[in-house]
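Notes for the one structure printed next.
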Amino acid sequence: DAKTTQPPSMDCAEGRAANLPCNHSTISGNEYVYWYRQIHSQGPQYIIHGLKNNETNEMASLIITEDRKSSTLILPHATLRDTAVYYCIVRARGSTLGRLYFGRGTQLTVWP
Amino acid sequence: EAQVTQNPRYLITVTGKKLTVTCSQNMNHEYMSWYRQDPGLGLRQIYYSMNVEVTDKGDVPEGYKVSRKEKRNFPLILESPSPNQTSLYFCASSFTEGIQYFGAGTRLSVL
């Protein structure tokens with residue numbers, strides 16, 4: 001699985017969009033980008049994933065660059081409850097089943 | 001409600017006293033995993049299971065055992081706990097690769 005690089009911390013004003021970047025320059029063609037978040041000591045929560053097209057769900061949007069070397073998770077209207085550590089994970093379909101590699105992630109702090 | 005349930009949520013024990021942390025999922029998932037989370041080290045996988053009676057080691061299996069006799073249950077067993085197993089433990093299950101559902105966690109202290 002490709003390695004990812006994320007900034008250690010970011011902050012955002014409540015109600016504004018939070019844009020969380022992730023670099024995955026060694027990503028290969030069959031690897032997906034997954035985003036999870038972990039609110040203080042709770043179990044990680046799946047947010048969204050994509051291969052090459054932009055994706056949107058009720059929680060967030062995922063923008064993947066055309067060369068797929070980086071992506072951005074967008075929380076369109078951040079709230080205080082979005083304060084969490086956000087993990088970007090790159091994983092190939094068919095890789096070791098059940099295994100996810102979590103890095104250090106980005107601590108997002110949403111302030112009032 | 002779809003969920004992964006771990007018990008207990010908090011546990012304080014002493015060195016050498018066998019313990020089991022239970023994990024149960026109600027989503028009929030084939031894949032289940034155990035992770036531990038330590039400050040500065042992030043989440044590390046202990047064991048995983050691809051189906052009933054099929055288990056394999058993750059990155060940090062030493063000192064742990066698991067079993068998968070039923071699809072819904074995946075208990076984590078510490079036969080002789082030691083202080084270095086003091087940690088926050090998470091169970092997870094998944095149907096689709098990459099999308100895992102996590103339990104609320106078990107905070108274990110071994111004295």
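The values are calculated or read from the model by the stated rules, or taken from the named source; none is laboratory data. Here the structure is a predicted model, which means the values were calculated and not measured. Because the Cβ atoms are built from the backbone with ideal geometry, glycine has one as well, and the counts that use them run over all protein chains shown. Accessible surface areas use protein heavy atoms only, side chains included; no ligands, DNA or RNA. Shrake-Rupley method; radii C 1.70, N 1.55, O 1.52, S 1.80 Å.
Counting only the backbone N, which residues of the stretch B:22-44 are under 13 Å from the spot 7 Å out from the Cα of B:Lys71 toward its beta-carbon? Under 13 Å, as judged by backbone N against the label point of B:Lys71, lie B:25-32 of the stretch B:22-44.
In the full protein context, the protein assembly as shown carries 49 Å² of accessible surface per residue, based on a 1.4 Å probe and ignoring ligands, DNA and RNA. Once you reduce the stretch B:1-52 and the stretch A:75-91 to the center of their Cα atoms, the two points are 23 Å from each other. Using the Stokes-Einstein relation with a Kirkwood hydrodynamic radius computed over Cα pairs, the translational diffusion coefficient of the stretch B:1-80 at 37 °C and a viscosity of 0.692 mPa s comes to 247 µm²/s. Between A:Ala92 and A:Ser28, the modelled labels are 0.3 nm apart [label points 7 Å from Cα along Cα→Cβ]. Segment A:Ala13..A:Arg81, full-extension length gain: 23.3 nm, with 0.36 nm per residue of separation and the alpha-carbon distance subtracted.
Remark: spin-label model distance A:Lys3-B:Ile12 equals 4.1 nm, labels positioned 7 Å along the Cα→Cβ axis.
Rounded to the nearest 100 Å², what is the sum over both chains of accessible area buried where A meets B, with a probe of 1.4 Å? Display every interim value, and only then the final one.
Numbers: alone 6640 and 6190 Å², together 10980 Å².
Using a 1.4 Å probe on protein heavy atoms, the buried area is about 1800 Å².
In terms of Cα atoms, the Rg and Dmax of the stretch A:16-71 work out to 12.0, 35 Å. Accessible surface of chain A, 1.4 Å probe: 49 percent of it comes from carbon and sulfur atoms.
For chain A, with equal point scatterers placed on the C-alpha atoms only and solvent neglected, what are the log10 I(q)/I(0) values from the Debye formula at q = 0.11 1/Å, to two decimals? Relative scattering, expressed as log10 I(q)/I(0), comes to -0.31.
Can you compute the equivalent ellipsoid semi-axes for the protein assembly as shown, i.e. the square root of 5 times each eigenvalue of the Cα gyration tensor, sorted largest first and rounded to whole Å?
On the way: eigenvalues 188, 79, 47 Å².
Those come to 31, 20, 15 Å.
Contact-buried residues of the stretch A:1-40, at a threshold of 10 Å² lost accessible area versus the chain by itself: A:Tyr34, A:Tyr36, A:Gln38 (1.4 Å probe; DNA, RNA and ligands ignored).
Of the listed pairs B:Lys17/B:Lys71; A:Lys3/B:Lys18; A:Lys3/B:Lys17, which have alpha-carbon separations greater than 30 Å here?
A:Lys3/B:Lys18; A:Lys3/B:Lys17
Between the amide H of B:Arg107 and those of B:Tyr10, B:Leu11, B:Tyr89, distances stay under 5 Å, these residues lying 5 or more places away or on another chain, with hydrogens modeled in the peptide plane. For A:Ile47, nonlocal amide neighbours, meaning residues 5 or more places apart or on other chains whose placed amide H falls under 5 Å from its own, are A:Trp35, A:Tyr36, A:Arg37. When only Cα pairs below 8 angstrom with a gap of at least 6 residues are kept, chain A shows a relative contact order of 37 percent.
On the protein heavy atoms, probe 1.4 angstrom, tell me the percent of accessible surface of chain B carried by carbon and sulfur. The partial results should precede the final answer.
Numbers: 2700 of 5270 Å².
Roughly 51 percent of what the probe reaches on chain B is carbon or sulfur.
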